[in-house]
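Report on the structure given below.
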Amino acid sequence: NSVPVEIGPEEGLLAPNITAPAHMSGGSWGDDYVLYDNINRDWEPGMSGKYFLIQFIDTDCHHCWTEGEEMSGLYGAYNEHVEFVTIAISLGNPGWISSKEEIAAFQDKGDYVGCDSDSNCKDRPGEIHPWVYVDARSDTEFNDWKVQGTPFAVILDPSGHVIWNMGAHVQQEVLPEAMYRLIGSNLGGE
C-alpha cells in the first residue's frame with residue numbers, strides 16, 4: 001500500500017499541479033505546461049536535478065513590473081540549476097484587464113500598452129524572460145497555492161516538494177536570499 005501524498009503549497013508538501021497554456025519567449029502560445037510532467041518523483045536529496053522557481057504575477061501589478069529586473073538577475077544566476085515558471089493570474093482588481101497578448105508582451109518586453117496598468121510593456125525593468133510563462137487568469141488553480149497577492153514565489157525541489165513558500169517568510173527572508181540559501185550555497189565552484 002502506498003501512502004497518500006499530501007499536496008499543498010506549504011513547505012514539505014508536494015506542490016499542487018499546474019496545467020495551463022504555455023508561452024515561450026519570442027514564440028506563440030502552445031500546449032499546456034504541466035508541472036507534474038517536469039518533476040522527478042524519484043529524486044532524493046543528494047541527487048542531481050533541477051529545482052523550480054514558481055512565480056505568480058499579475059501583469060498589471062506594479063510590484064511584479066519592478067520585480068522583472070530581479071527575476072532577470074535570478075535567471076542569469078540560477079538557470080542551469082532551476083526551472084523558472086511564471087504563472088500569470090488575475091487578481092481581479094478594478095481596471096486591471098489582462099490578455100494573452102499582454103502576458104506575452106510582459107514576458108518579451110513587447111510594444112504593448114497595458115502592463116503595469118497603463119505602461120508600455122517594452123519599458124518593463126529587466127531583460128526578456130526566456131523561461132515559460134503560463135496563462136492561469138481564468139483558472140482557480142492559484143487558489144490551491146493560497147496566493148494572497150502578487151508577486152508571489154515558491155521554490156520546489158526537483159521532486160516537486162515545496163522547500164520555500166514566500167508567504168511563510170514575509171519580513172524574514174526575501175526571494176534572492178532564499179535562492180542563495182537553498183540552491184546557490186550548494187553549487188560550490190560551479
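The requirement of being open to solvent by less than 40 Å² (accessible area, probe 1.4 Å) and either in contact with a strand residue (DSSP E or B) (Cβ under 9 Å, 6 or more places away or on another chain) or aromatic (F, W, Y) (or both) is satisfied by S98.
Just the residues that are at pLDDT below 95 and touching a helix residue (DSSP H, G or I) at 6+ places or on another chain (Cβ under 7 Å), please, taken from the range 26-46. The answer is G26, and nothing else. Considered as a group, the residues in the range 108-135 that are among the small types (G, A, S) and either modelled with pLDDT under 95 or not in a loop (DSSP other than H, G, I, E, B) (or both) include one that is least open to solvent (accessible area, probe 1.4 Å), and that residue is G114.
In the condition set (1) in contact with a Cys (Cβ under 7 Å, 6 or more places away or on another chain); (2) open to solvent by 10 Å² or more (accessible area, probe 1.4 Å), K50 is compliant with all but (1). Of the candidates E69, E11, E6, the single residue that is in contact with a Leu (Cβ under 6 Å, 6 or more places away or on another chain) and open to solvent by 50 Å² or more (accessible area, probe 1.4 Å) is E6. Would you check which residues across the range 72-95 are closer than 30 Å to G46 by Cβ, of a type in the set (A, V, I, L, M) and surrounded by fewer than 20 Cβ atoms within 10 Å (Cβ to Cβ) and list them? Of everything in the range 72-95, just one residue is closer than 30 Å to G46 by Cβ, of a type in the set (A, V, I, L, M) and surrounded by fewer than 20 Cβ atoms within 10 Å (Cβ to Cβ), namely A77.
The values are calculated or read from the model by the stated rules, or taken from the named source; none is laboratory data. Because the structure is a prediction, the values reported are computed rather than measured. Counting neighbours? That spans all protein chains shown, and the Cβs are built from the backbone with ideal geometry, glycine included. Ligands, DNA and RNA are excluded from the accessible area calculation, which covers all protein heavy atoms including side chains. Shrake-Rupley method; radii C 1.70, N 1.55, O 1.52, S 1.80 Å.
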